[in-house]
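The values are calculated or read from the model by the stated rules, or taken from the named source; none is laboratory data. These numbers come from a predicted model, not from an experiment. Using ideal geometry, Cβ is built from the backbone for each residue, glycine included, and neighbour counts are taken over all protein chains shown. Note: accessible area is taken over every heavy atom of the protein model, side chains too, but ligands, DNA and RNA are not part of it. Shrake-Rupley method; radii C 1.70, N 1.55, O 1.52, S 1.80 Å.
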Amino acid sequence: MRFGIVRHNSNASTDSDRTEAELAAANAAEVKAFEQDESELVSLPANIKPHIYYYGKIESQEYILIFNDIEKKKFSGTFYKIGENAIVSPVNFTGKAKREKCLLVVNGKKTVWKNYRASSDDYSFKGSFVEGKAAKDFSFSTYIEPTFKKNTDSSRYQDEYFDVEVINDVKYGSAEGYWVSREENSTNYAKIIASGIAQTLSTKQFDLRMDLYLPKNDSQEKRPLIMFIHGGGFYIGDKKDNPIVLWCRHYAKMGYVVASINYRMGFKPTKGSIERCGYCATQDAAAAMRYLIHNKGKFRIDPNYLFVAGSSAGGITTLNLAFMRNKNRPESSKKSFGNEDLGPIESSGNTLKETYKIRCICNMWGAVHDISMIDNANISIISFHGNADQVVPYGEEVPFKDIKLGISKLFFNKMFGSNPIHARAKTLGYRQKLYTFDGCGHAPHVDKNNQPNDKFYFIQEKTTEFFYKEFVPEEPSIKYKDNQTFTAVAGDFAQCYWQAIGGFILEQNRETVRVVWMSDAKEKKLEMSGRLLNGAVVNAVYAPAK
C-alpha cells in the first residue's frame, strides 16, 4: 500500500515560531477534538505484532520499541529513545487511532498525530503524520539479533581435534654427501663415528626427502607450517625418529602443516669436515623450506606463519636456518686446500628461488658458532636446555666435552649455547623464553628407550603456548571506543559473532559494534566469538559498569 505524506505550505508558521504556551494550547485543542470525535476506532496495520522489538526512526531520532498489547483497537507498549549515552531507559506509552488521527499518551501527556498513515509487511511498518505543524516520517523494522556462534570446540593451535594425513618421502631436492639417514641405538659417540668412517671415504648423490603431516578435513584456507629437524650429532638420526613423529602428529592434529626432513649427515674426524657437515644441513633445511613455499598452494601453507623446531644437531640447524646469513658462513665452508666451496646457503639442494621469513623457532639444546648472527633477524625464540649438557654447551664452550682425554678441542670450535643466545635475544628486544633443566644433560626429553618422558610433554606444552602467541599476540578483549561503540581486539578477523545480553546491537561491521543497554535489564553483557584470518579462535566478554 502506498501512502502520501501531508506537508504544510512552506509559508506557514512552524512549531519553532510558536511559544510553548501556544504549542500546548494547540495540542490540547487537538486532543479535545480527538476525544470528541465519534468516529470508530481503527486498528493498527495487521502485520504489527506484540512482544516483538522493532528498531527504527521517527525522522532522524532512533528508537527501540515493543508493543505489549494490541487488542480492541487500542495499543500499549514501551519505547527506548536512543541518544548519545549507552544506557537507554524504558518509557511506557498507550494509544488509539481514528480515521487519520492517532492519540498517544506518554508519561501522562497526550499528543495527537494528524494525517496519520501507516502500512506494514511481515517484518516492518512505516508511515507519516503531522505533529503540531511539523510533518514527520517513521519507519521501523523487526529487530533481529545478529547470529551468534560461540566457539565451544577446542581452540585451533591449542588443542588436538583433527585427524592426521601423512605423506611420506616427499622429495624436496638432491645433493652430494655421505648419507641422509642412519638409525643408531648406541649413545657412545666414539663408536658411532668409528663405525661410519668407512662411509666418509667417498660421496654420492642423494635424494633429499621429507614426511608431511596434514590436518584432515580442515577448512582453513591457509595453515601455518612447522618444520621439524631431528638430532643425532650430524651423524645419526632420521625424520621418523620417535619423538619427532609424536610431535609432528601432535601439531598436525592442532591444525598445522608439519614437515619432518632428512638432510645430509656424516663427516670425517676433522674440525673442518664437521663444520662443513653442519653447514650442508643448513643448506638442506633452506632447500626444504624453499620447496614448501614453492608448493604453498598445494599444501595450503600460510607463508606469514613459518615455524621451525629441532633438537641437538636439529636445534643447531634450526638456529642456523633462522639467523645465519651468508656473511656468517663458517670459513671451512669456503674453498680451501682439498675442499670445494660449498656455495651460498641458498645454492644447494634444488634450484627454487623462493624467499621466506621464519616467524618463530623452538631450539632444543642447540647452539651457534657465531653469536653475532642472532642480530640478523627479529625472530621469536623458545629454548630448552640442560645446564649440565656435555654434548652441546648450555653456555660458551666446545661441544662433546664428554669425549675422554679432553681432546674435543681438537675437533670442535667453541659454540654459544642457549644461555648466551637468549641473553643476546633479550638485549635485542626479541620475544624469547629459555627453560633451563637444572642438572640435566643432553636430550633430557626421552628415556633410555627413546620414549617420551615428563620433560617431553613439558616442552610440548610450553612450545604450544609460545607458538600460539604468534597467532594472537595480545589477550583477546573488547575495547570501549565511545558510549555506544565497541571493538574486538585480537588480530585480523575473518569472522566475528556478537551477542548483547540486556542490550541491542544497532550496527555491526565485523569486529566493531554499536550497542545500547536497557537500564532495566538485570544482566548486561557483550560477548564476542570470532576467528582470525590465521585460523585462531578468539572469545571475549565485556560487562558495562553498573
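Among 372, 269, 297, whose Cα sits farthest toward the positive end of the charge dipole of the stretch 259-399 (+1 at Cβ of Lys/Arg, -1 at Cβ of Asp/Glu, about the Cα centre)? The listed residue farthest towards the positive side: 297.
What does the convex hull of the alpha-carbon atoms of the stretch 44-149 project to on average, in nm²? Write down the numbers at each step before the final one.
On the way: hull surface 30.4 nm².
Approximately 7.6 nm², given one-decimal rounding.
For residue 208, the residues whose amide H sits under 5 Å from its own are 172, 173, 174, 175, ignoring neighbours fewer than 5 places away on the same chain, with H placed 1.01 Å from N. Selection among 306, 164, 321 by position relative to the dipole of the chain gives 321 as farthest towards the positive end (Cβ unit charges, Cα centre).
Per-residue SASA remark: residue 139, around 60 Å² accessible (1.4 Å probe; ligands, DNA and RNA not included). Note on the stretch 423-546: the C-alpha convex hull projects to 12.1 nm² when averaged across all orientations. Residues whose amide H falls under 5 Å from that of residue 484, counting only those 5 or more places apart or on a different chain, are absent, with hydrogens built in the peptide plane. Rolling a 1.4 angstrom probe over the protein heavy atoms with all chains in place gives the stretch 455-527 an accessible area of 46 Å² per residue. Helix 20-36 and the longest principal axis of the C-alpha atoms of the chain enclose an angle of approximately 70°. The charge dipole of the chain, taken about its Cα centre with unit charges on the Cβ of Lys, Arg, Asp and Glu (plus for the first two, minus for the last two), comes to roughly 540 debye.
Of all the accessible heavy-atom surface of the chain, with the other protein chains kept in place and a 1.4 Å probe, what percent is carbon and sulfur?
Numbers: 12630 of 26460 Å².
That share works out to 48 percent.
Heavy atoms of the protein chains alone define the surface here; on that basis the stretch 66-114 has 55 Å² accessible area per residue at 1.4 Å probe size. Across the options 95, 435, 56, the greatest Cα extent toward the positive end of the charge dipole of the chain (unit charges at beta carbon of Lys, Arg, Asp, Glu) belongs to 435.
Taking the stretch 278-419 on its own, what percent of its Cα-Cα pair distances exceed 22 Å? Tail fraction, whole percent: 42. Tell me the label only: which of [x] 35.4; [y] 25.3; [z] 27.5 is mean projected area of the Cα convex hull in nm² as calculated from this structure? Read-out taken from this structure: [x].
Please list, in order along the stretch 509-514, the HN-Hα scalar couplings obtained from phi with the Karplus expression 6.51 cos²θ - 1.76 cosθ + 1.60 (θ = phi - 60°), rounded to whole Hz, x for Gly and Pro. Here the 3J(HN,Hα) series is 10, 6, 8, 10, 9, 10 Hz.
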